[in-house]
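Each remark here refers to the structure printed beneath this line.
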Amino acid sequence: MSLTSADRVEINELVSRYNQAIDSGNGPVWASTFTQDGTFHSASGQAAGTDELSDFASGFTEKMPGTRHWVNNLVIDGDESEAQLCCYLNLMRGGDVLASLTYNDTLVKQDGAWKFKSRAVS
């Protein structure tokens, strides 16, 4: 079975929670958007598992104060238990675009909730 409209809305909300959590330096909330063994890969660092993910996000606002993640052009494909997400990321500070990047993600539905299994920034 393919993704439902409700799945797509929940995945969009997951992306929003992720963005707001890392922009505010809320490591525990950011880590909660991933599975317990979830992974994150980017040029600025890598993290695997809840503790590393939480530490990574908690330190983000110190490294990049005032930065905001803006995503668009989300393309989501999958079924009721796993999905692939590709979207664009503009990393902003004030009115300036610091970087224009792409997320490539694998998501899984665990206990009725969508989570990132892996998230890679390129």
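Key figures for this structure:
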read-out: Residue satisfying all of: in segment 32-61; aliphatic (A, V, I, L, M) and touching a Phe, Trp or Tyr at 6+ places or on another chain (Cβ under 7 Å); surrounded by the fewest Cβ atoms within 10 Å (Cβ to Cβ) among these; value: A47
read-out: Total residues in segment 18-37, condition assigned to a helix (DSSP H, G or I) and either aromatic (F, W, Y) or over 16 Å from S58 (Cβ atoms) (or both); value: 2
read-out: Q46 being over 15 Å from G112 (Cα atoms), assigned to a strand (DSSP E or B) and not β-branched (V, I, T); value: yes
read-out: Enumeration of residues in segment 27-41 that are within 19 Å of S16 (Cβ to Cβ) and either within 13 Å of the chain's Cα centre (by Cα) or of a type in the set (A, V, I, L, M) (or both); value: G27, V29, W30, A31, S32, T33, F34, T35, G38, F40
read-out: Selection within segment 11-29 - aliphatic (A, V, I, L, M) and in contact with a helix residue (DSSP H, G or I) (Cβ under 7 Å, 6 or more places away or on another chain); value: A21, I22, V29
read-out: Residue within segment 48-55 that is at pLDDT below 95, more than 26 Å from S2 (Cβ to Cβ), touching an Asp or Glu at 6+ places or on another chain (Cβ under 9 Å) and of a type outside the set (S, T, N, Q) present; value: no
read-out: Residue match in segment 65-74 (condition: surrounded by 12 or more Cβ atoms within 10 Å (Cβ to Cβ) and over 20 Å from A120 (Cβ atoms)); value: yes
read-out: Breaking point among (1) at pLDDT below 95; (2) part of a strand (DSSP E or B), for N90; value: (1)
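Okay, residues lined up against (1) farther than 22 Å from D37 by Cα; (2) of a type in the set (D, E, K, R); (3) outside any strand (DSSP E or B):
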site: S58; (1), (2), (3): no, no, yes
site: P65; (1), (2), (3): yes, no, yes
site: R68; (1), (2), (3): yes, yes, no
site: Q84; (1), (2), (3): no, no, no
site: R119; (1), (2), (3): no, yes, no
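This table checks each residue for (1) touching a strand residue (DSSP E or B) at 6+ places or on another chain (Cβ under 8 Å); (2) crowded, with 19+ Cβ neighbours inside 10 Å.
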position	(1), (2)
N12	yes, no
V15	yes, yes
P28	no, no
K63	no, no
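The values are calculated or read from the model by the stated rules, or taken from the named source; none is laboratory data. Predicted model only: the values in this text are computed from it and were never measured. Every residue, glycine as well, gets a Cβ built from its backbone with ideal geometry; the counts of neighbours run over all protein chains shown.
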